[in-house]
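Right, one structure below, let's go through it.
The values are calculated or read from the model by the stated rules, or taken from the named source; none is laboratory data. From a predicted model like this one, the values you see are computed outputs, not experimental measurements. When we count neighbours, we look across all protein chains shown, and the Cβ atoms used for this are built from the backbone with ideal geometry, even at glycine. Surface areas here come from the heavy atoms of the whole protein model, side chains and all, with no ligands, DNA or RNA. Shrake-Rupley method; radii C 1.70, N 1.55, O 1.52, S 1.80 Å.
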Amino acid sequence: MPALLKLLGNARAFLKALPAGPQRVHFALGNESCDLDSCIGALAMGVLISRRHPDRVVVPVMNVTRENFALRTENCFVLTQAEVPLDGLIFRDELDMDFILSKYPVSVSLVDHHILAKEDQKLAPYVEEIFDHRPVDTSYSWDARKVTICIESVGSCCTLIANCLLQARNCSDLGRPLAYLLYQVIVYDTIALKPQNHKATALDIEVAAKLETLYGFNEDHQELFDGLWRAHMDVSHLTPSQLLLKDLKLVEGVYIPGLPMLVEEFLGLEGSQEALADFAKLKQISALLLVGMSTSGGSVQRDLAVYSSPPKEPLAEALLKTLLSKQADFFLEEKPSKFGANIHLLHLHNVQVSRKQLVPLVKEAWNDYTKRQ
């Protein structure tokens, strides 16, 4: 991992000193959930940019606070195993972005997202490159003449970045440790590359096979996935409030916590209702959408819940109405709620539907809600 460790060391030294001079600072910015794909993707993108532009100060950014990164148990697991010091990472809350923008020429690569958060809109003029694998947002309006755009529907964003690195003339310098990080993410995101899980595309399989051939990776895909999933599921030390923050996305004005268990199981935890109420109060919201997933017994299960405070709040009703409009496509089954009138629980029988596929529906519900206000 020499290239990555050197890159991180140089970036931290630069950010500490912020020396005078014309150095161009290039941010590889992952998404706000900082899931495994975004975390490793930002680091690998940093290596790719540093090879293309050795004159730039390249800063891979974990787009969460340092405190909340610890909730990403699978990230901590793979980085620790790869001997990448967690205290050497660079987090969004540690950057004085306004100062850097005022003092240095800046460029940005977006990893695993293509729409900037409200607080990062100031970075839009500096975006040079986008790697993403989620459905294209209808509000997306990048100028393809100025921004290199790679948005493809694949199982893992790391597939796109690994493919780009493998196509580079000096791909042999990628190094086994970084290659293995990318490989692990691809296997994890595609649920062991198994066709029956409907996550792996032809490109995911092709890139994983190239990495296996080049670097001698020969682990059983299911065993590798299971190990990573166990790390993801190692939440015994987390409270219900921390579980809500572990994999959190914000779409328009709707927070969507992704849970490492079924929502129904989460709601059965002691303190979960209080955690939801505290979260709603902290974020000053009246509704949120919870997304749960379990792979116990080797099979994937998914469920959803719309939380409303107070019950039948208009935004929650709009979310529920929009979700149920896709009842046939998603094989949604309404379940009687034993958790109170402010929780509407849905079983998601179409396990191919992940949070990415729910985003357009959340946007539709938000638009419908705001028009009525």
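At a glance:
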{"item": "Flag if A28 is outside any loop (DSSP other than H, G, I, E, B), at pLDDT 95 or above, hydrophobic (A, V, I, L, M, F, W, C) and under 24 Å from L116 (Cα atoms)", "result": "yes"}
{"item": "Breaking point among (1) within 21 Å of H232 (Cβ to Cβ); (2) at pLDDT 95 or above; (3) open to solvent by less than 10 Å² (accessible area, probe 1.4 Å), for L86", "result": "(3)"}
{"item": "Single residue of segment 1-34 satisfying the filter (of a type in the set (A, V, I, L, M, F, W, C) and out of contact with any strand residue (DSSP E or B) (no Cβ under 8 Å at 6 or more places or on another chain)) that is farthest from D120 (Cα to Cα)", "result": "M1"}
{"item": "Odd one out for P311 among (1) part of a loop (DSSP other than H, G, I, E, B); (2) under 17 Å from D247 (Cα atoms)", "result": "(2)"}
{"item": "Residues satisfying the stated conditions in segment 89-99, i.e. surrounded by 15 or more Cβ atoms within 10 Å (Cβ to Cβ) and assigned to a helix (DSSP H, G or I)", "result": "R92, M97"}
{"item": "Flag if L160 is part of a helix (DSSP H, G or I), crowded, with 17+ Cβ neighbours inside 10 Å and not small (G, A, S)", "result": "yes"}
{"item": "Unique match (being part of a loop (DSSP other than H, G, I, E, B) and either within 23 Å of G30 (Cα to Cα) or touching a Leu at 6+ places or on another chain (Cβ under 8 Å) (or both)) among A208, A192", "result": "A192"}
{"item": "Residues of segment 125-139 satisfying the condition of being part of a loop (DSSP other than H, G, I, E, B), more than 19 Å from M45 (Cβ to Cβ) and not aliphatic (A, V, I, L, M)", "result": "P135, D137, T138, S139"}
{"item": "Test for T295: is it out of contact with any Cys (no Cβ under 7 Å at 6 or more places or on another chain), at pLDDT below 85 and surrounded by 14 or more Cβ atoms within 10 Å (Cβ to Cβ)", "result": "yes"}
{"item": "Residues located in segment 100-124, provided they are part of a helix (DSSP H, G or I) and open to solvent by 20 Å² or more (accessible area, probe 1.4 Å)", "result": "L101, S102, K103, K118, E119, Q121, K122, A124"}
{"item": "Counted residues, segment 10-38 - those being open to solvent by less than 10 Å² (accessible area, probe 1.4 Å) and either out of contact with any Pro (no Cβ under 9 Å at 6 or more places or on another chain) or free of Cβ contacts under 8 Å to residues at least 40 places away in the same chain (or both)", "result": "7"}
{"item": "Residue tally, condition assigned to a helix (DSSP H, G or I), farther than 20 Å from Q184 by Cα and either open to solvent by less than 10 Å² (accessible area, probe 1.4 Å) or at pLDDT 95 or above (or both), over segment 53-83", "result": "0"}
{"item": "Evaluation of L269 against (1) in a loop (DSSP other than H, G, I, E, B); (2) at negative phi; (3) aliphatic (A, V, I, L, M); (4) open to solvent by less than 30 Å² (accessible area, probe 1.4 Å) (one fails), failing number", "result": "(4)"}
{"item": "Complete set of residues in segment 215-263 that are of a type outside the set (A, V, I, L, M), open to solvent by 60 Å² or more (accessible area, probe 1.4 Å) and closer than 22 Å to A316 by Cβ", "result": "E252"}
{"item": "Pairs where the first residue, in segment 235-251, is closer than 15 Å to E265 by Cα and the second is of a type outside the set (A, V, I, L, M, F, W, C) and surrounded by 19 or more Cβ atoms within 10 Å (Cβ to Cβ), C-beta under 6 Å, 6+ apart", "result": "V235/P260; P240/S272; L244/P257"}
